[in-house]
Amino acid sequence: MGILDNVWLGLQTAASWTNLWYCFVGVFLGTLVGVLPGIGSLATIAMLLPFTFALEPTSAIIMLAGVYYGGAYGGSTTSILLNVPGSASAAVACLDGYPMSRQGRAGVALLGAACASWVGATIGIIAVMFLSPPLSALAIKFGPTEYVAVMMLGLIAAASLSGKSPMKGIAMILFGIIFGLMGTDVNSGVARFAFGVPELTDGIGIALMAMAVFGVSEMVDSVNKVKPGHFDPKSITFRSMVPTKDDMRRSWKPMLRGSFLGCIFGPLPGTGALVSCFSAYAVERALADDKSRFGKGAIEGVVAPEAANNANDQTSFIPTMSLGIPDSATMALLLGALMIHGISPGPQLITDKPQLFWGLIMSFWIGNIMLVILNLPLIGIWIKLLAVPYHILYPMIMSLICIGAYSISNNPFDVMVVAGLGVMGYLLRVLQMPAAPLLIGFVLGPLLEEYLRRAMLLSRGDFMTFIVNPISGTMFAITGMLILWALYATILGRKKRLVEVEHLSVDAPKVS
Amino acid sequence: MLPSLAVTGGFHLDDTEEQLSLKERDWRDIVGGLLMVAFGLFVAIYAAEHYRLGTTTRMGPGWFPKHLGYLLAIVGALIALPAFFRKGDDEPFELAWRPLIWIVIGVVLFAATVNFLGLVPAIFLQIGASVLADTKLGIKGTLILAASTALAAYLIFVLALELNLQAFKNPFGE
C-alpha cells in the first residue's frame, strides 16, 4: 500500500463520528488541564485510562493522545498571560510571551503560539508518517538479542538524559521493572511478589500505578503551593490578535527552525519537550541580529519554542509506535493503554493494525485543527478557569481517582493499592527520584524479561551474544557510554543538567 | 573542568572531612540511595529464596528479579555514597505531612465504604477528609463541594457511563 492509501484509510478512521467525538473530548480535556495549574496532562491520561477500557482501542488511543498534545496548547496560554506555565515545557513560552502580554500584545502572542503549534504539529505529523513505517520495517527483522539491546538503550537513555541525576533515573528504571514483574510469570505460572494476596497475582495495573505516582503524589505536593491566577479576558479581542507585517516576517523562519529541532529531539529517548523548547529558544537567540530583544517580548522567542514543542510531541510517537519503546512517561501510558486492549506494542503494530496507526496519525491533524478553533475564540473561557481555586479542585480530582481505580474491576482493593502506591510515589518525589523512568520501566519490564529469556535460550546462556551481534553490540556500546556518563555525573558532577534551566529564571511549578 | 567543580561544590576528597559537618551532607540522596539498597536487597533475597532461579540458558522465575534486585542495590549505593561526601542543596528536605495523611485517608475511606454504603456516602467521606489537607474550606463549603461532586459523579459515571456503581446502598440489606 502506498502512503496515500494509508492516509486515506487513516482519514476514514479518524473522521468517523465516534472518533471525532473522542478526539474532541481528548483535546478539550487536554486544553483544560493544560490551563489549570497543579494538574498535568500525564495525571489526566492516567485518570482517564480506566474509563477507556470499554472503548474501541482506536478511539481510546485517539482520545488519550488528544489530552497529551492538547495540554501543550493550554500550557502555553497561561505562560503568556500570567507567567505561570501550565506544563513544564511551557516555561519557555513565559520568557517572551509574558513580556509581550504586558506590552498589550497578548493577542498577537496567543495567535502566534497557536499558529506555531499548528505548523510544528503538522511538520511533526509528516515526519511520523514518513519515518515510522521504514523504522518498523527495519525493526521487524530484529531477533530477541537486538530487541533486548534496543530496549536497554531506550531505557537507559530515557533514565539518564531526562532528569537531574542520571543515576537516580537508572535506579527508578530498575525500581519500575521490579514492580512490573509483580504477578503471574507467563513462563512458569508462578505468582511473583504476590505475598499470598489473591488480587496481586495479576500484578498491579498500569492505570493504578500511574494514578498513584502522578495523581495522588502530585495532589499531595501541590496543596498549599498552587495559587489561582487572574487575568482580565476583556483585553483579548479578535482585533488585538492581528499581527503586524513585521511580526509575520519575523515569525515564519523561527517556526520552521523550531519544528525541525522538535522533529530531531522528539523521537530520541530522554530528550523531551523541554530540551526541544530550550534549544529552539537558544537557536533563535543566537541567530538574532539584536539579542537584547529577547526576554522583552520578541515574537521569535514565542513561536520557535512553541513549534518545537508540538513537533516534539508528535514525533515522540515514532519510537513508541514503530518500535514499541516509549521515550517518556506519557508514551509509556499510551502503550499501556494499548496493552490493556490486548494490542502488543512493537514493530508489527503498523502492519498489523494499520487502521489504528494511521487513524491515530490523522486524528492528530484533526485534533490540532480543533485546538486552534478551541483556543483562539474561546480564550476568555479558559482564562476564567484559572481563577478556580485549587482547594476546590484537588478534592474533586481525588474523587475522580477513587472512582477510576474502583471502576477497573469494581474492587475496593484497587483503591487501596492507589493509596499505598500514592504514599510511595510521594516519598519518591520528596527524595527527588523521578517518576517518569519508573513508569517506563514498569511498562517495559515484563517485555524485557521475556526477550532476555529468548535471547539467552538462543545463545545457550552466553552473554557474549549481545556484543558479537553487530546491531546489539553497537547499541550496547552506546548504552555503556551513557552508564559511564551517569557514573561520572553521580560521583563528580553535582546535579548536572542537559539543559541549564536555572539561569533562565522562570517561576516554574513542579509539573509532571 | 576544575573551576566548575569548585563552584558546583563537587566531590573533594582532600578537604571535605573538615569542612562538612554531619548536618550539611546531602541527606536527601543518602536516604534515597540507602532505601534503594534496602529495597533491592529485599527483592533479590526474597526472589532467590522463594522462586526457582534456573540457569542463564533456561531462566526460572527467580533469575531476573534476583539480578535486578542486586543491581538496584548497587545503583542505590552509588547514589548514597557520593552524597555522603558532598553538601546538600538549600531546598528543604521535608514531608508535607498534613496533605499526605488527609488525602490518603480520604482514598482509604472511599475504598472502605464504596461497596458498603454506596458511591454518594463514599464521596462525602473522601471529600470530607481531603479538604482537611489544607484549611481553606469551611464546613458549609465542604458540604457544597461534596454534594456537587457526588451529583456530578452520579450523573457522569452512573447514569451516562453506566458503571457498576450504586449511589446508595443499604449496609444491612441483601
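The values are calculated or read from the model by the stated rules, or taken from the named source; none is laboratory data. Just so we're clear, the structure is a prediction, and the values are computed from it rather than from any experiment. Note that we place each Cβ from the backbone using ideal geometry, even for glycine, and neighbour counts take in every protein chain shown.
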Number of the exception - B:Glu91 against (1) over 30 Å from A:Phe463 (Cβ atoms); (2) at the interface with chain A (Cβ under 7 Å from one of its Cβ atoms): (2)
Consider A:Pro377 carefully, then state whether it is surrounded by fewer than 24 Cβ atoms within 10 Å (Cβ to Cβ) and within 30 Å of A:Leu200 (Cβ to Cβ). no
Six or more apart or on different chains, Cβ under 9 Å: which pairs go from a residue in segment B:43-66 that's within 7 Å of chain A (Cβ to nearest Cβ) to one that's part of a loop (DSSP other than H, G, I, E, B) and among the aromatic types (Phe, Trp, Tyr)? Could you list them? B:Val43/A:Phe193; B:Thr56/A:Phe463; B:Gly60/B:Tyr51; B:Pro61/B:Tyr51; B:Pro65/A:Phe193; B:Pro65/B:Tyr51
Looking only at segment B:157-168, count how many residues are under 13 Å from B:Ile123 (Cβ atoms) and more than 9 Å from chain A (Cβ to nearest Cβ). 4
Take the residues of segment A:254-272 that are in contact with a Gly (Cβ under 8 Å, 6 or more places away or on another chain) and within 12 Å of A:Asp327 (Cβ to Cβ): which is surrounded by the fewest Cβ atoms within 10 Å (Cβ to Cβ)? A:Phe265
Quick check on this structure: which one of B:Lys136, B:Lys140, B:Lys169 is basic (Lys, Arg) and over 27 Å from A:Ser222 (Cβ atoms)? B:Lys169
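Results for (1) at pLDDT below 90; (2) surrounded by 23 or more Cβ atoms within 10 Å (Cβ to Cβ), shown as yes or no for each residue.
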{"position": "A:Ile62", "(1), (2)": "no, yes"}
{"position": "A:Pro85", "(1), (2)": "yes, yes"}
{"position": "A:Val128", "(1), (2)": "no, yes"}
{"position": "A:Gly143", "(1), (2)": "yes, no"}
{"position": "A:Lys164", "(1), (2)": "yes, no"}
Could you tell me which of the residues A:Met167, A:Met172 is among the aliphatic types (A, V, I, L, M), under 13 Å from A:Gly445 (Cβ atoms) and touching a residue at least 40 places away in the same chain (Cβ under 8 Å)? A:Met172
Starting from residues that are among the hydrophobic types (A, V, I, L, M, F, W, C) and surrounded by fewer than 18 Cβ atoms within 10 Å (Cβ to Cβ), keep the ones in segment A:169-206 and report whichever is nearest to the other protein chains (Cβ to nearest Cβ). A:Val190
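Helices (runs of 4 or more DSSP H) wholly in segment A:28-131 with at least 3 residues that are within 26 Å of A:Asp352 (Cβ to Cβ) - which ones? So that I can check it myself, show each step before the final result.
Working: elements: A:41-48, A:57-82, A:91-102.
It comes to A:57-82.
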Here is a check on your reading of the model: is A:Asn375 under 20 Å from the mean Cα position of the chain (by Cα), more than 15 Å from A:Ser136 (Cβ to Cβ) and not aliphatic (A, V, I, L, M)? no
Exception for A:Phe463 within (1) closer than 18 Å to A:Gly183 by Cα; (2) assigned to a loop (DSSP other than H, G, I, E, B) falls at (1)
Matching residues, segment A:455-469, being within 28 Å of A:Ala332 (Cα to Cα), free of Cβ contacts under 8 Å to residues at least 12 places away in the same chain and more than 10 Å from chain B (Cβ to nearest Cβ): A:Ile467
Of everything in segment B:136-150, what is facing chain A (nearest Cβ under 9 Å) and free of Cβ contacts under 8 Å to residues at least 24 places away in the same chain? Give them in sequence order. B:Lys136, B:Leu137, B:Gly141, B:Thr142, B:Leu145, B:Ala146, B:Ser148
Among the residues of segment B:148-174, write down those that are touching a Leu at 6+ places or on another chain (Cβ under 9 Å) and of a type in the set (Gly, Ala, Ser). B:Ala150, B:Ala153, B:Ala167
Helices (runs of 4 or more DSSP H) lying entirely in segment A:361-454 (those with 3 or more residues that are within 11 Å of another protein chain (Cβ to nearest Cβ) and modelled with pLDDT under 90): A:390-409
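Does segment A:471-478 contain at least one residue that is facing chain B (nearest Cβ under 7 Å) and surrounded by 18 or more Cβ atoms within 10 Å (Cβ to Cβ)?
Restricting attention to segment A:471-478, the residues satisfying the condition of being facing chain B (nearest Cβ under 7 Å) are none.
So far as segment A:471-478 goes, no, none of its residues is facing chain B (nearest Cβ under 7 Å) and surrounded by 18 or more Cβ atoms within 10 Å (Cβ to Cβ).
Would you please name the residue that is farthest from the other protein chains (Cβ to nearest Cβ), looking only at residues in segment B:94-112 that are among the hydrophobic types (A, V, I, L, M, F, W, C) and loosely packed, with under 15 Cβ neighbours inside 10 Å? Even if it seems obvious, please write down each step before you answer.
We begin by selecting, within segment B:94-112, every residue among the hydrophobic types (A, V, I, L, M, F, W, C); these are B:95-97, B:100-105, B:107-112.
Those left that are additionally loosely packed, with under 15 Cβ neighbours inside 10 Å: B:95, B:97.
On the way: B:Leu95: 6, B:Trp97: 10 Å.
The selected residue is B:Trp97.
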For B:Leu119, work out the one condition from (1) at pLDDT below 85; (2) within 14 Å of A:Ser407 (Cβ to Cβ); (3) within 8 Å of chain A (Cβ to nearest Cβ) it doesn't fulfil. (1)
Tell me which of these B:Ala152 doesn't satisfy, since it passes every other one: (1) among the small types (Gly, Ala, Ser); (2) modelled with pLDDT under 90; (3) closer than 21 Å to A:Ser407 by Cβ. (2)
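Here is a yes/no grid of residues against (1) in a helix (DSSP H, G or I); (2) surrounded by 20 or more Cβ atoms within 10 Å (Cβ to Cβ):
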{"site": "A:Gln314", "(1), (2)": "yes, yes"}
{"site": "A:Ile318", "(1), (2)": "yes, yes"}
{"site": "A:Leu333", "(1), (2)": "yes, yes"}
{"site": "A:Met339", "(1), (2)": "yes, no"}
{"site": "A:Ser344", "(1), (2)": "no, no"}
Assuming A:Tyr281 fulfils every condition listed in (1) crowded, with 24+ Cβ neighbours inside 10 Å; (2) without any contact (Cβ under 8 Å) to a residue 60 or more places away in the chain apart from one, which condition is it? (2)
When you check A:Thr77 against the structure, is it within 22 Å of the chain's Cα centre (by Cα) and either at pLDDT 85 or above or over 16 Å from A:Cys277 (Cα atoms) (or both), yes or no? no
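State yes or no: is A:Val148 among the hydrophobic types (A, V, I, L, M, F, W, C), surrounded by 22 or more Cβ atoms within 10 Å (Cβ to Cβ), more than 11 Å from chain B (Cβ to nearest Cβ) and closer than 24 Å to A:Leu356 by Cα? Walk me through it before giving the result.
Numbers: among the hydrophobic types (A, V, I, L, M, F, W, C): yes; surrounded by 22 or more Cβ atoms within 10 Å (Cβ to Cβ): yes; more than 11 Å from chain B (Cβ to nearest Cβ): yes; closer than 24 Å to A:Leu356 by Cα: no.
Criteria not met by A:Val148.
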